[in-house]
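Report on the structure given below.
The values are calculated or read from the model by the stated rules, or taken from the named source; none is laboratory data. Model, not experiment: these values are computed from the prediction. Here the Cβ positions follow ideal geometry from the backbone for every residue, glycine too, while neighbour counts run over all protein chains shown.
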Amino acid sequence: MSAAALLIREGQVSGSNIHILEQSDRLGGSLDGSGSPETGYLIRGGRMFEEHFGCTFDLFDSIPTLTDSQKSVSAEIKEFSRQYVTSSKSRLVRTGQKIEAPQFGLNFRNKWELGRLLLANEESLGTTTIQEYFSLDFLQTNFWIMWSTMFAFQPWHAVAEMRRYMHRFIHLFPGLNRLEGILRTKYNQYDSLILPLFEWLQNQGVNFRMQTEVTDIEFELQDSQFKARSLRVRVHGKETELALRAQDFLFVTLGSMTENSSLGSMQTPPKLQTESIGSWQLWKNIASQSPDFGNPQAFCSRIDQTKWESFTVTLRNHDFFRFMEEFTGNRAGTGGLVTFKDSSWRLSVVLAHQPHFLNQPEDVDVFWGYGLFGDRIGDSVKKKMSECSGEELLAELAHHLRLGDRATRFFAGANCIPCMMPFITSQFMPRQAGDRPEVVPKQAKNFAFLGQFTEIPKDCVFTVEYSIRSAQRAVYKLLDLKQQETPIYRGDRNPAVLWRALWTLIK
């Protein structure tokens, strides 16, 4: 969708000449939001923003919101974030007590390891994991707990990706223990980002083909250049071939963090679906035709290391929100992630500003949570998180908040929907050069790759910014436009930013 908008805005392509083929019945990928008060609301996850997401704000500067045609989506995000400033007064909770602005808890060796990582050459890190790079006690520090839950890093993920995050977000270090500097959308990201973009594209005449799965792409080598010739497409079980014309360009999103997501209910846990179908199988088919098209196996073959579980809770009264606002000291929408330090599941919850959905009634509240370690036994509910129903997830949360009998009142009529995502952190897996292909491979004639599994040096995957930057790069290069790509913010080259970050780490 970002590529389509840029083709229209920057490339002067008519919307009627743009066709978007979407495998599912809903647009937006990981930026989703759905449901109702009756069935329960669902958010599989949420991406954080910060002021230096240049590609994102540039794109959405020209997209009006759904509720005010005179206001851009970018303006709404900035205005909302000025009104609801994130500054957590309860970033961590331990034994039922909040810890305000936790100290990092780093010893001299931990600080030295972090400094060494900042100075390291990415190529020298290879496929080294975080747990291989750092000493064991680093993984017990408040710094790591806050860092890992904020960005969803696991000990077995690539330390090279952690290094990128440290460089890219070094300006946020001074406020890391309060989540300061984080911007958020007014509503869930489907209502705030995807629906306005979809409506704008529709008004431009873009053609959307839903429930249309691309299963394979045929490439041919002509004069040392690869050219996409045709698509194999499956619609309602029937396969057809779509030939590309000489003047056509093809933009392909590789992989998916939310492929094979499955839902549970208040009574049942979600099922783990391990088959890498859909977008992953498409990438495998593409990659088999050239080593320049990446290596999906590096990211999708170890589900035990790429999965975690989230849950969305729909409440029919405001009692729990009132309690959490008093407990944390933050009104909803200003505190961000609350992580339970002594939770074996590494449980975290977020209370967003309400309403979080455009169709949400005034008497309904919605919050989201997740656990990094879904295969560990709970502290109160003696089951793996992955084996728990929504009711059991609420019971474990009540235990860590020491709610006691109040839980019955707070969660009366609640609907907690668990969601298992097998590939949600696949983009963080250890990788080698070439595993992520270039957005426009060197030999590509009429196609480009998009998304989290393309290679964009110095920027960070698992962000909206990365996806939009890949679209910008693809459109500018394929259409040979003269515009300069939006530069990546480099706070790591600013002496003042570096000094503040260094002081934060060593004090």
When segment 125-155 is checked residue by residue, the ones that are of a type in the set (S, T, N, Q) and surrounded by fewer than 18 Cβ atoms within 10 Å (Cβ to Cβ) are 127, 128, 131, 135, 140
Report yes if some residue within segment 292-308 is of a type in the set (Phe, Trp, Tyr), in contact (Cβ under 8 Å) with a residue 12 or more places away in the chain and over 30 Å from residue 13 (Cα atoms); otherwise report no.
-> yes
Name the residues in segment 371-391 that are in contact with a helix residue (DSSP H, G or I) (Cβ under 9 Å, 6 or more places away or on another chain) and either closer than 17 Å to residue 44 by Cα or crowded, with 22+ Cβ neighbours inside 10 Å (or both), would you?
-> 371, 372, 373, 374, 378, 385, 388
Listing of helices (runs of 4 or more DSSP H) fully contained in segment 1-116 that carry 3 or more residues being of a type in the set (Gly, Ala, Ser) | 2-9, 73-83
For residue 443, state whether it is in contact with a strand residue (DSSP E or B) (Cβ under 6 Å, 6 or more places away or on another chain) and polar (S, T, N, Q).
-> yes
Every residue from segment 261-319 that is surrounded by fewer than 16 Cβ atoms within 10 Å (Cβ to Cβ), outside any loop (DSSP other than H, G, I, E, B) and polar (S, T, N, Q) = 262, 297
Could you check how many residues of segment 453-483 are closer than 23 Å to residue 160 by Cα, touching a Leu at 6+ places or on another chain (Cβ under 8 Å) and surrounded by 23 or more Cβ atoms within 10 Å (Cβ to Cβ)?
-> 5
What number of residues in segment 109-155 are under 23 Å from residue 374 (Cβ atoms) and among the hydroxyl-bearing types (Ser, Thr, Tyr)?
-> 4
Are any residues in segment 484-496 surrounded by 16 or more Cβ atoms within 10 Å (Cβ to Cβ) and in a helix (DSSP H, G or I), and if so, which ones?
-> 491, 492
Elements of type helices (runs of 4 or more DSSP H) contained in segment 127-214, each with 2 or more residues being within 30 Å of residue 230 (Cα to Cα) and at pLDDT below 95 | none
Of the residues in segment 461-489, those that are under 14 Å from residue 9 (Cα atoms), modelled with pLDDT under 95 and polar (S, T, N, Q) come to 483
